[in-house]
1. Among A:ASP67, A:ASP32, which is within 12 Å of DNA strand D (Cβ to nearest atom) and either closer than 21 Å to A:LEU114 by Cα or in contact with a Phe, Trp or Tyr (Cβ under 6 Å, 6 or more places away or on another chain) (or both)?
2. What are the residue pairs meeting all of these: first residue in segment B:176-188, first residue more than 9 Å from chain A (Cβ to nearest Cβ), second residue open to solvent by less than 80 Å² (accessible area, probe 1.4 Å) and polar (S, T, N, Q), Cβ atoms under 9 Å, and 6 or more apart or on different chains?
3. Looking at segment A:79-94, is at least one residue more than 13 Å from DNA strand C (Cβ to nearest atom) and at positive phi?
4. Assess whether B:THR168 counts as being of a type outside the set (A, V, I, L, M, F, W, C) and in contact with a Pro (Cβ under 8 Å, 6 or more places away or on another chain).
5. Filter segment A:118-171 down to the residues that are in a loop (DSSP other than H, G, I, E, B), among the β-branched types (Val, Ile, Thr) and within 8 Å of another protein chain (Cβ to nearest Cβ) and list them by number.
6. Taking the residues in segment B:35-64 that are open to solvent by 30 Å² or more (accessible area, probe 1.4 Å) and within 14 Å of another protein chain (Cβ to nearest Cβ) as candidates, determine which candidate is nearest to DNA strand D (Cβ to nearest atom).
7. For segment B:172-190, which positions are outside any helix (DSSP H, G or I) and either open to solvent by less than 10 Å² (accessible area, probe 1.4 Å) or not assigned by TED's automatic domain parsing to the domain that holds B:MET111 (or both)?
Number of protein chains: 2
Amino acid sequence: MSVQERKERERAGRERLIVATARELAEEQGWDAVTTRRLAERIEYSQPVLYSHFRGKREIIGAVALDGAAEMAVALRAASSAADGPRARVAALARAYLDYAVRNPAVYDAMFRLDGGLAFAREDTPAPLKDAFAALLETLGEVAGDGVHPGLFTETFWAALHGLATLTRSGRLPPEHTDVRVDLLVDRLAAL
Amino acid sequence: MSVQERKERERAGRERLIVATARELAEEQGWDAVTTRRLAERIEYSQPVLYSHFRGKREIIGAVALDGAAEMAVALRAASSAADGPRARVAALARAYLDYAVRNPAVYDAMFRLDGGLAFAREDTPAPLKDAFAALLETLGEVAGDGVHPGLFTETFWAALHGLATLTRSGRLPPEHTDVRVDLLVDRLAAL
DNA sequence: TCTCGATGCTAGCACCGCTAGACAATAGAG
DNA sequence: CTCTATTGTCTAGCGGTGCTAGCATCGAGA
């Protein structure tokens, strides 16, 4: 019986290794460089091993996305709770969000740009994704304003942040004055 | 001399055919399905012909993006000018933008999600891109509010729309209540 | 010690973007 | 009208991709 448990542990460890290595590789050289061959070589196993853990590359992206969501939720809550007053909390949250996107571009892509086969905004949405959204909601919900649904407000604010993050990183918005744009968003969108 | 002209015309015609066919194929089956082989087959030429017009697939995406930008600029100006008053103009503009993204998802991706090798927000930015941004600016600039740079305001508003468009289409935001989110954006962000 | 199932490997599929080099069509010279 | 030179297009192939069939090896339990 203990043999089986050891095997399961080893298997779980290898799965974590795959996900961590995929993330590393993606952050180093971009997701296009994360090929099954390169990934297999880095973990020192053959390609088919990857397929005994994940259905395919998509699921690996999904796994990285879930890790990232949990991480981001922590970062968002930390930033928000370190600030005093609604205005400061919202501003800190927004900055933390964009900061995470800049510091972890590949993970951000896995979460919000690439197809990781994950369900969003549904009952069967994985817990880490729900929790990351909850982290946004906790701070943004209190500045939604009268008669505005907190969830819808959070979604809208999130979309704006996402637009800034993606357009800036792809070079479609100039990198300067990002803070001005964020301030604009915070000052106008939040009902303070 | 006239022979040369005829050849140039034919060449230009074929180039338009390539771009139009790439766009068709992308709208029908997504950009992943736009392979050089399939594209070559549809235009009834061999693959290398594509490379005598474009450096590679990226440039073809860029060409589709430029067509789309010109088209979108027209749509935005039409929507805006058909509305009375700043509030209505901004709302019409926002709806037209999202409407274009929904109706032409592949073109939208070519413009704002994929890498078409185009320069954004610079002096050497292609005219159609500049003009599409100008179309946004014409309407949004007048509601930027005192002391807010019209360009920066337009960028921020655009980013918010882009976020809504991409998150909704990728299933990360539920498709319902899009109009509520847009109204929120218009009412709060614009200084009316 | 032997058997048998689990596990990881090699090899290969169909497809990708892209290109070298052979070949055919055609414009211009004589 | 013929010949040559150039232009244009094609076939074939390179190294890569995600993914999988089927074989070999290893180790647990009898």
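1. Values: A:ASP67 fails: within 12 Å of DNA strand D (Cβ to nearest atom).
Just one listed residue meets the conditions, A:ASP32.
2. Close Cβ pairs satisfying both conditions: B:THR178/B:THR168.
3. Within segment A:79-94, the first condition is being more than 13 Å from DNA strand C (Cβ to nearest atom), and the residues that meet it are A:79-94.
Applying the additional criterion that residues be at positive phi yields A:85.
For segment A:79-94, residues more than 13 Å from DNA strand C (Cβ to nearest atom) and at positive phi: present.
4. Numbers: of a type outside the set (A, V, I, L, M, F, W, C): yes; in contact with a Pro (Cβ under 8 Å, 6 or more places away or on another chain): yes.
Yes; evaluated as a whole, the condition is true for this residue.
5. Our first condition is that a residue be in a loop (DSSP other than H, G, I, E, B); within segment A:118-171, this holds for A:118-126, A:144-149, A:170-171.
Still in the list and also among the β-branched types (Val, Ile, Thr): A:125, A:148.
Within segment A:118-171, A:VAL148 is the sole residue that qualifies.
6. Ranking the candidates gives B:LYS57 first.
7. B:LEU173, B:ALA190
Table: residues versus (1) part of a loop (DSSP other than H, G, I, E, B); (2) in contact (Cβ under 8 Å) with a residue 12 or more places away in the chain; (3) touching a strand residue (DSSP E or B) at 6+ places or on another chain (Cβ under 7 Å); (4) within 13 Å of DNA strand C (Cβ to nearest atom).
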site	(1), (2), (3), (4)
A:LYS7	no, no, no, yes
A:ARG14	no, yes, no, yes
A:THR21	no, yes, no, no
A:LEU25	no, yes, no, no
A:ARG37	no, no, no, yes
A:ARG42	no, yes, no, yes
A:TYR45	yes, yes, no, yes
A:SER52	no, no, no, yes
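The values are calculated or read from the model by the stated rules, or taken from the named source; none is laboratory data. Remember, predicted model here, so these are calculated numbers, not experimental data. When we count neighbours, we look across all protein chains shown, and the Cβ atoms used for this are built from the backbone with ideal geometry, even at glycine. Side chains included, ligands, DNA and RNA excluded: accessible areas come from the protein's heavy atoms. Shrake-Rupley method; radii C 1.70, N 1.55, O 1.52, S 1.80 Å.
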